Each structure stands twice: as C-alpha cells, then as structure tokens.
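Following: one structure in structure tokens, then a few remarks.
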Amino acid sequence: MAKQQKEMSFLGHLEELRWHLVRSAAAVFILAIFFFIFSEEVYNNFLLAHIKPDFITYQLFCDFFNLFGIDSDFCNITFADKKLQSIKVISQLMNSIWSSLILGIIVAFPYLLWEIWRFVSPGLTKKEIKKSRGFIFIASILFFIGVLFSFYVIAPISINFLYNYQITDAIENNFTLESHIGLVTNMLLGVSILFELPVLIYFLAKIGLITPEFLKRYRKHALVVVLILAAIITPPDVASQVIVAIPILILYEIGIIVARRVIKKQEKNAYKS
C-alpha cells in the first residue's frame, strides 16, 4: 500500500511537471504568433536593424572616434546597400516561424523561470522560499542585460566586421537571410544565457558542488572555457570574442563573491544550530 502511494506521488509529480511544461510552451507559442503576425515590423526594426547605417551603435562609435579626431569606418557604413538573399521557396516563411519562436522564448523567459519556480518551491521550506524570492527578478535582469548587450554591442560589431571582410575583390559577398538571422538570434540567446552565470554559481554553491576557493583555483581554466563559449556563440573574429568574454569574466568574479556569501551563511546557520 505504501509502495502504491509512493508511485502515485511520483506520477502526481510527473503530471504537475507536464502542466508546467504545457503552460510554458503555450506562453512561448502565443508570443511567437504575435511576433509572426508582425514579422515585417520585427525584421525591419529589430532583426535587420544592424544592416542600417543609422543604427544607434554605429552613430555612437562614429561620434566617439570623431571626438578624438580619429577617422572610423563606422562613419561610412556601406553594407546596408546590399539585400539579403532568399534562395529557397520556403526560406522566408520558415525563417519567420523560427525567429518568432526564438523571440518568444526570449520575451517569455521570466514566465518560464516562474513556472520552474512554481514546480520547485513546494519542496522548499518557508525560510528557503523567503530567501529565494528575488531569484526570478535577478535572473531575468541578468538575462535581459545579456539581450541588450548582444543586440547593441556584439551584433553590430560582428556584423560590421563580417559584412566588410573580403579576401579579394574577385569575391562578392551575397549573404543569405538564414545566415544573417541565425547569427543575430544565436548571439541574442547565447550571450543572454551566459549572463546567468552568477545564478548558476549561486545554486551550485548552495548544494555544495563548488566553493569560492574552487572558483579561484580554476580561474584560468574558466577563462579558457569562457573564450571557447564566446567563440561558439559569436562570429570567428577576435574582437567579438573578447568583448563577450570580458563581461562574462566580470560575472565570474561576481559569482565568487556570491559563492563566498552563500558559504558564510551556511557556516553561520550551522554554528547556530
């Protein structure tokens, strides 16, 4: 009888998890439909914004270099004169559907975290729930900082470099819609997830898998891992990889501070008990 109750309890948890996943998928799907309906506006003002010479980042870089009397290519953007190529018949439709799903995931991220929290929280004590109330807010803030950083810094620098890179004049750059949108969406999602590093470190320290000493000892190894991840989610130019790596390393150092605070609190609670 006890075994049957345990199995029912396990099945109940699976059923609960299923509904959390269903609601999460529904939220992403609804947002994806919205972005699909307004595909033209989304592409013109967001996904294709970096191939316009008046994009705010190019103007800021141009003004910055002019301030020091330095001529900059950002003041003479030319790649916007070229149009992206759509080779296959269904390319534009499938690209619009896929990019709408990616944007749906990005915008729904706080809600997805909330669904995860709702599933996990029943297994926590009241004290743990009280201490972890800021989880969704902090994780969402870090995620959207990553979105803004990749959109306004990484993407324009990368696209400007790749669109103007040419081995010889005998080769003409004719980029496809898939390659451009894939580059932008991969950077948006990839960089934003990397910005969750302090949150990940917090939970790993909470369950005792890592310590501040461990993070300090393997700081150099972490640098290598960060550079590899930056190379994966960014174009193969050193500037973009370094620009991505710098904030991630800063977040790594913040993670060490977070881990130290977690360990100190655990030791303090252990001493009191």
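The values are calculated or read from the model by the stated rules, or taken from the named source; none is laboratory data. Predicted model only: the values in this text are computed from it and were never measured. When we count neighbours, we look across all protein chains shown, and the Cβ atoms used for this are built from the backbone with ideal geometry, even at glycine.
Values as computed for the structure displayed
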item	result
Residue check for PHE144: without any contact (Cβ under 8 Å) to a residue 60 or more places away in the chain, part of a helix (DSSP H, G or I) and exposed (fewer than 13 other Cβ atoms within 10 Å of the Cβ)	no
Residue within region 115-127 that is among the basic types (Lys, Arg) and part of a loop (DSSP other than H, G, I, E, B) present	no
Subset of region 31-42 (residues that are free of Cβ contacts under 8 Å to residues at least 60 places away in the same chain and within 19 Å of the chain's Cα centre (by Cα))	none
Count of residues meeting criterion [outside any helix (DSSP H, G or I) and either surrounded by fewer than 18 Cβ atoms within 10 Å (Cβ to Cβ) or free of Cβ contacts under 8 Å to residues at least 24 places away in the same chain (or both)] in region 149-204	12
Output for region 195-208, where each listed residue is among the hydrophobic types (A, V, I, L, M, F, W, C) and under 24 Å from the mean Cα position of the chain (by Cα)	PHE195, LEU197, VAL199, LEU200, ILE201, PHE203, LEU204, ALA205
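Rundown of residues vs (1) at pLDDT 90 or above; (2) in contact with a Ser or Thr (Cβ under 6 Å, 6 or more places away or on another chain); (3) over 21 Å from ILE105 (Cα atoms), yes/no style:
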{"site": "ASN164", "(1), (2), (3)": "no, no, yes"}
{"site": "ILE167", "(1), (2), (3)": "no, no, yes"}
{"site": "ALA170", "(1), (2), (3)": "no, no, yes"}
{"site": "ASN173", "(1), (2), (3)": "no, no, yes"}
{"site": "GLU178", "(1), (2), (3)": "yes, no, no"}
{"site": "VAL184", "(1), (2), (3)": "yes, no, no"}
{"site": "MET187", "(1), (2), (3)": "no, yes, no"}
{"site": "ILE201", "(1), (2), (3)": "no, no, yes"}
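For (1) among the acidic types (Asp, Glu); (2) part of a helix (DSSP H, G or I); (3) modelled with pLDDT of 90 or more, each residue gets a yes or a no:
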| residue | (1), (2), (3) |
| --- | --- |
| PHE36 | no, yes, yes |
| GLU40 | yes, yes, yes |
| PHE46 | no, yes, yes |
| ASP54 | yes, no, no |
| CYS62 | no, yes, no |
| GLY69 | no, no, no |
| ILE102 | no, yes, yes |
| ILE105 | no, yes, yes |
